[in-house]
Each structure stands twice: as structure tokens, then as C-alpha cells.
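Every number here is computed from the coordinates shown, using simple stated rules; none is lab data. As the structure is a computational prediction, the values presented were derived from the model and not from experiment. Cβ sites come from the backbone with ideal geometry, for glycine too, and all protein chains shown count toward neighbours.
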Amino acid sequence: MAEPSEHDSLPSPPPLPPRLADPVPAIVGGTVLWALAFLYFLVFDVGNEVWLWSCFAGMTLGIMGYGVFAWQRRASRRGSKGAQTGV
């Protein structure tokens, strides 16, 4: 049997407050920023289409990511076997 290490006696850190543990504001905020950047490059035709389509991809992935996150959260809350826990 292994000897207890000094790390076993250290207290665990306190849990994050719910306000800081919720990823929804970061997901929605990032998606909104991508959407605003997309609209900027669309309206002001800067001439570099790579930025326009990069912003579109970021916005689209943000929307899809939020959908997957919300789906997993609903599954976790209803107790589905295959759902991630703690979301």
C-alpha cells in the first residue's frame, strides 16, 4: 500500500460561485462578438474576404456549440444515462 503524500492532506479549493461557473454568458457573448464582426466586415467591405468568412465561421460554431451545450445540460438535468454530469 502506498504511503500518503503531502498532497493528500491539503484542503481542496472551494467551489466556484454559480455566477462564475456558468459558461452561458461567455458562449453567448463570444457568439455575439463574432456576429458583430461579421456584420462590420459585411457592411464596410474592407476588401479581405478571409476576415468576413472567419467571422461567419466563428458565429456559426458559437451557435452550434451553444446548441450542443444546451442539449447536454437538458439531458444531464433529466438524468439521462449518456449525459455529461456537472453541466
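Summary table
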item	result
Paired Rg and Dmax values of the chain, which use every Cα atom, in angstrom	20.5, 68
Cleavage-rule hits (chymotrypsin sites (Phe, Trp or Tyr not before Pro)) in the range 14-87: DSSP loop, at most 14 neighbouring Cβ within 10 angstrom	F44
For the range 40-50, 3J(HN,Hα) per residue [Karplus equation, 6.51 cos²θ - 1.76 cosθ + 1.60, θ = phi - 60°, Hz, x = Gly/Pro]	4, 5, 6, 6, 9, 4, 5, x, 10, 6, 4
Footprinting exposure proxy for D45, D22 (fewest neighbouring C-beta atoms within 10 Å first)	D45, D22
Taking T31, T60 and counting other C-beta atoms within 10 Å, the order from fewest to most	T60, T31
